[in-house]
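Undergrad: Structure provided below as structure tokens; questions to follow.
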Amino acid sequence: MGHTPTVAGVSAVPLNREQAGMPGIEWLTRFAHLLASMVYLGGSWFLGAALIPGLSAAAPEQRIRTVAAVIRWYHPTSLAALGVLVMTGAFSLTSAKAALGPQYFPALFTLLGPKLLLAFALVMLSSYQFFGLGLRLVRSLPEDGGTVPPEVEAWQLKVVTRIQVCALTGAGLAAALSGLGMALARG
């Protein structure tokens, strides 16, 4: 009749996820968003502010080959992180829109509008860096490890500089997006 089963005097009513100490989907989404943000921002900062400037004393061919070797790993990893950021951000917005109802746009759009605009700019910049510059640099290297003509090497060095500028600009955009995200989270 209304009797709650007990085990050793403790109610056997199932607990919800939070009571059981298990993370909910919002927590996992935020964790994935933060982790992807750290990967993207840290990788961009490393590439633009540490690796490429740190190679300035190296021979041009060595600088080009080192940057190409790093971006073979860095670009797919950053692209995946950027994808996770977009997807988890969209998921969080969907939850916020459902929770706020008609107050969604008035409550969030002053921060959300600029954040979406910066996110779009970051995706476009990163696409240019990954596909417009990175792939062209990697594909311009001789497969046999040989040397390239001086005019090709000069072009490759320009591409490395453009990759550095894109990485630093992307890090700045990602930092601004992080600040806007924290402001949105505070409400």
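Readers should treat all values here as calculations from the given coordinates under stated rules, not as data from a laboratory. Given the structure is predicted, the values throughout are model-derived calculations rather than measurements. Cβ coordinates were reconstructed from backbone atoms using ideal geometry, including for glycine residues, and neighbour counts include every protein chain displayed.
Undergrad: I need the phi-derived Karplus couplings for the range 48-61: 6.51 cos²θ - 1.76 cosθ + 1.60, θ = phi - 60°, integer Hz, Gly and Pro marked x.
TA: x, 10, 10, 5, 5, x, x, 8, 4, 7, 6, 4, x, 4
Undergrad: Here's a follow-up. For a protection proxy built on the mean count of beta-carbon atoms within 10 angstrom, sort 111-123, 164-176 highest first, please.
TA: 164-176, 111-123
Undergrad: Report which label in [x] 14.7; [y] 17.0; [z] 12.6 holds the value of mean projected area of the Cα convex hull in nm² derived from the coordinates of this structure.
TA: [y]
Undergrad: While we're here: Want the number for Leu28 to Ala50: 0.36 nm per residue separation, take away the alpha-carbon distance, what's left?
TA: Fully extending the segment from Leu28 to Ala50 adds 4.8 nm.
Undergrad: Set the Förster radius R0 to 25 Å, insert the Cβ-Cβ distance between Val165 and Leu116 as r into 1/(1 + (r/R0)^6), and round the FRET efficiency to 0.05.
TA: Taking R0 as 25 Å, the efficiency between Val165 and Leu116 is 0.60.
Undergrad: Given a Förster radius of 25 Å and the C-beta distance between Thr94 and Ser127 as r, what FRET efficiency does 1/(1 + (r/R0)^6) yield to the nearest 0.05?
TA: Here the calculated transfer efficiency is 0.55.
Undergrad: Report, in degrees rounded to the nearest 10, the 0 to 90 angle that the Cα long axis of helix 25-45 makes with the longest principal axis of the chain.
TA: Between helix and principal axis, roughly 20 degrees.
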